[in-house]
Structures are given as structure tokens and as C-alpha cells.
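Structure first, commentary second.
The values are calculated or read from the model by the stated rules, or taken from the named source; none is laboratory data. Because the structure is predicted, anything quoted here is derived from the model rather than measured. Because the Cβ atoms are built from the backbone with ideal geometry, glycine has one as well, and the counts that use them run over all protein chains shown. Accessible surface areas use protein heavy atoms only, side chains included; no ligands, DNA or RNA. Shrake-Rupley method; radii C 1.70, N 1.55, O 1.52, S 1.80 Å.
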Amino acid sequence: MRTTVRRRLAAGGGLLSAALVAGSLVVAAGPASAAASTNDVPVNSAASRVTFSTTARVVTGSSVVFTGPSTSVAVVDGARSATFTSSVDMNNGAMTAPSTQPDFTDPDPVSATAPGPGPVDPGRYSVEFDAPVLAPGVGGGRVDGCVDCLSITTPTAPTVTGSTGLQVEAGGSRELALPGTGFARSTRVEVLKADGTSDVAVSASGVPGKTTPTRLTRTFTPAPAATPGVRSIRFTNTDGQTTTCAGCFTVLAPSLSAVSPRAAANSGPIDLTFTGPAGTFTGASRPVLQYASDVVGSANRAALSVSGTNVRPSADGSTLVATFDLTGAAPRTDGYLPAVTTGSATNVSNDRFSVTQPAAPTVTGVTPATGEAGRTLTLQVAGTGFARGAAVAFEQTTGTVTTTTTSVPASAVDYRSTSLLVVTVTFPAGSTGAYAVRVTNTDGKTVVRPASFTVTAASPSPSVSPTSSATRSPSAGPTTTPGASATPTVSSSPTRSATASPTPALQQPTIDVSPSTIVAVQQKATVFGTAPPGSLLEIRAYSRPSTTFTTVRSVTVGPDGQYSFVVGPSGNTRLFARSTQGGLTSDSRQVVLTVRTSLNLKVARTGTRTYRFTGSLLPKRPGQLITVFYERSDGSRVIAARARNAADGTYNVSRTFTGGGTFTLFTGTGTDNNNAANNSNRVRVAIR
């Protein structure tokens, strides 16, 4: 197809109008001379070779400018246009772009390593041929061109192939990357309400240099007043192709800005004050201290959580006071996640709450004091300082020079009060003798009371004495009855007695962790204990996010009956020891090694009261929320900014402050299933 264009040549200060000439755009399928005339470039997902035919005289160093449908650039020759230039070598009368030019996937890179705004938008484009010099002494300019003579398309409509973790809290902002196909630099992104209309409370702005045909990056910013809940996202290209990702975006409720106090003893009721944006709390709000630690002892997280009562919201809904009865609550530093649920929205605090218990528990006795081996027993343990989640085990130490401790953990512990626990325990057959009782609270404080319980041998099974009896007649011959066959009668009185033998049991291994069950990433811990000499000892464990036990260490136990290993997991890890010998297997109690994150902070001033916060986090978990805090003079802390950890383990966020002063800043992470919370180094900064 031939396209008529007007060629204009500038001579001196005026314009010389040239005659209409014929020009065409050809997409070459092979040599330029063999290509059919067409105006279509296949797609914007690959570089395309385009041949331009013209009668204009051009020189080496000329360039081609495409102007098209994007709405993000200035007006050129009266039409909205996105201009991008591709330098080519041109010969007189025929301009042929090299095979790598123009590249419609991203034709405006900032540099070789910094990408431009992304694939060219689909639609019709005008083409302009510019030369560096039109005539001696005259500057360069346009020598030829055509209007709406080139079509650029996308291979498919914009389609999202993955939408995991697309959530931002109201009032926050987060850069999200969506994998898919058919994306372009100006792909329009709309967040939709349940009725399909656009949600103006959530914006999705473009991120320069981060769009490819298979990856679209936008910054999602829900307004502070945005209603928490699930949304859909609609994607539309400039050629009208569109698709909707249903229910793939969630607006979270704003985080609680403060909880006060942040720690209390488990000795009685206490009032907690929750602070959030105005309108957050109502009389129907349900506050709770969610137990968030992996150290649950004999209970589970739900059983250890504490609900608030006597809810008292402020008039503007920005604060809420509630009463929490912490009597006997599971003690744990930073073990609780404060949260308030109002309707379907849950506001969670970035600060953790600690329950303390100054004194270790004590044991005064076990009732009953004796029980048979091989039977399931229900026992009462009396004492002081018991808390929810307390673990109970019965221990027996044998030997003199070399001692061996056998531990029998209770299979269930029912917390009745700070002075009474009701436990269920089964002692293996043959495990007789005196046992000490150990009680351990969730803060690791423990007590052992020796000789508190005695296990006796199982009662013998009833004797089995089957007897068969028949009487032989004294006569030598058989007794017969007329008309009947002879029936001999036999007399025998054998007696057998059998008593059931007890099933042999393998001594239970023990397991402990030193120096502590709480470590930071890259710190080492020693797992040690005792096991039967000569047995195969395996350490079975899993580290979050996995929940499947596997063998991570193994050894044949030496004559001293002891073992030890050094471990350094990157996530919270649950372990137990397993002994195998002579076809018998015995498992120890389970222990949890809590692993804190490890992070650091650097602060750089980039403008007036504007600072950039950067650092790194271990383990490298993409999307991990990192909160920047500054401390007030009274010791309270305030959220300054939030960031998400990148795939390489780094974070980067900027903040412009409205006022000045000198503050101490630090970053922190929260507690989840994978890792415990931790804070970075503190940096003293003068905001100016």
C-alpha cells in the first residue's frame, strides 16, 4: 500500500513546499526488495526490522521518529504522541533499519542497564524521517514522513498469570509486580469494587522502567478511608484489549499505631489502650492479644490467646480501652500480637506485647503418688506459678558414674489454676521406680521436684488354666450299648498355666538446646542429650515454612550415652531425638528453636527533611514487611515509614518529615510462623 506524504525543506528562514511524493513502510520478511508492502509491525514484544521507501535525499546519521497513541507525552504536530527515536544508517532513496532497530519492546532506555518505560503501546503510529543537516548552514529537521501509516500490536490481551500477595493496607503504598502477558507501557490499571465500578479510593500509578511484555509493575495506594476488603483489577491496553483479574487485590485495615502498655505480669487484670486512625474503633470492636510465638508448650496458639472485655472506644473512634485478665497467661517476651476486629476488618499492631512472670513455678506434690506402668494415668500436680501452656514431664535418672535421664512427657496438660495442673501420662511397660516431676512454662522457666511419683510394675495378667476332662471306665475293654457302636471314654487331666510377659521398651532419649532456645539468623545452637549406648540416634526436625519432619543429623551413640550437634537454621525449627535399637524405636520430647530475623539500618539525607532508609534483612524473604520507627523523648515509638523486603534481601524507602528535631530511628520486623521479631541497630538523626 502506498501512503502519500508531504516533504518540507527549510531553506534560510522560510519553507519550500515540495511536490507530493510516494512513500511506503514495509515489514521485511526477507530481503527488502522481496517484501510485500504493508503497514503492520507484528507485535511490541520483539525487535522488528522495518524498511522505509522514500524519494527524499537523506544522509547517514538521520533518524526515525514514531508518534502514536500514548496519552503521557506532549502534543506533536497537533496529535497526542509518544515519541521514541531509533537511529539508523540511511542511503539515498532507501532507508533500512538494522535487524535490531527499532526495538518496540522498550525503545527509550535510560542507559544500557536502566530500562525505559516499557513496551510500545499498541495502535496506529505516524513516522517522521529527520536528518541532521538539511542544507549547508541550515540545522537538521524533518525530510519526510507519513501519518498513521504504521500499526503496532500486542500478541494477546493483557493477562495476569499470578496474583499472590497483592495486598496493601489503607493509607499505605506498595509497589507490586504482576506476572502475565500482553503488557505495554501505558496499560491502564483500575481497581474495581464488587459491583465492577472503579474504586477511586485506590490508585495504581505507573513505575517508570519496570514494565516488560511479561511483567507489569504499579504502585498501589489505597486512601486512608478506603474500605478494607477484596477487590478486582482491570487491565486495559491503548488498543482497547482488556481483561479482569477477579478478587486478586485486598485492601487491609490500617495498622494500629500504638498499644500501651506493651508489657504486663500475668498476675491479674490490666487495661490496654489501642490507638489507630479516627473511626477505627466502635463499641462492637473485639480486641484480642493473639498468641504469636511458636513456643506453645502443651497448648496451641488459639488456647493461649487472651480476649479483651469491657470495651471502651473514644468518641472519635481513634482509641479503645479494654480489660485483659492476664492471670496465668502464658509468659513470653514479644509473644502476643495485639489486634482489634471491627466487623470484617482487623487492625493489627506492629508492636508486640509481652507477658512476664518474675518467678519460676514450684511443685509441692503429685496426686496420686503412685501408678502402674503401661497404663494411662490422670494425675494432679500441685504447686505455684503455673501458667497456661505449661509442659509437664516425669524424669528418672539412673546410674552413678555415668547417669542416664529418661523423660516421660505428659500427653495432655489441663491448666486449672496457677496452683493446679491436671495431666495425662502413660509410663512404658517396665519403666518402674521413682520419678521426678518437671514443670516448664512458655518463658522457659522450669522447676524439678525429685521423687514425686513412683511407677510400679503392671499387675500380672490372669493365669490361663484350660482343663479337659474325661473318665476312662475301669474295665479293660470299651463299654458298649446294645445296638450302638462302641465309644471309648478317655480320661486325662492336663493343666497349663501361662502368664503374659511384659513387652521390652527402649529407653527414651533426651534433648536440650544450648545456650538458649532463641537465636538470631546465622547464630549457632548446640542440640545435645542422652540416648541408649550403641543405638542409632537421629535428630528429626523441620524449619518453617515446612512442617514435615526429616532427619537432619544422625550418629551411633557411644558408650557414654551422650550426643551433640551444632545447628544454625534460618527459620523457626521444631526438633526431637529418635533412638532405634534392636527393632525398637523411642522418641524424645519436642523442642522449638526460635529464630529471630537479623536486619540493619542506614540513613541518608536526600533533601530538606527528606531521608532515605536502606538496609538488609536475613533471611531473604521477598515481601517481608519492614517498619521504620522513631523514638520520642518519652520512650514511645512512632511509625515513620514502611517498606517491603526485595528478593535480594534489601529494602529501600524514603520519607519527608513535616517537622524537625533529633530522633533515634530503627527498623523492625514482626513475628510470624517463619521467624520471631527483631529490631535493627539504632541511628541518631537530626531532621533538618
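Probing with 1.4 Å while keeping every protein chain in the model, the per residue accessible area of the stretch 336-419 equals 42 Å².
Say R0 is 30 Å: what FRET efficiency, to the nearest 0.05, do residue 271 and residue 446 get from their beta-carbon distance? Approximately 0.45, to the nearest 0.05. Ligands, DNA and RNA left out, the accessible area of the stretch 182-241 computed with a 1.4 Å probe is 56% carbon and sulfur.
Beyond 29 Å in Cα-Cα separation lie the following of the pairs 524/620; 445/524; 210/602; 193/602: 193/602. Fully extending the segment from residue 458 to residue 650, taken as 0.36 nm per residue of separation minus the present Cα-Cα distance, adds 62.9 nm.
The mean accessible area for residues of the stretch 238-328, using a 1.4 Å probe and ignoring ligands and nucleic acids, is 42 Å² per residue. With the simple model of a label 7 Å out from the Cα in the direction of the Cβ, residue 420 to residue 364 spans 1.2 nm.
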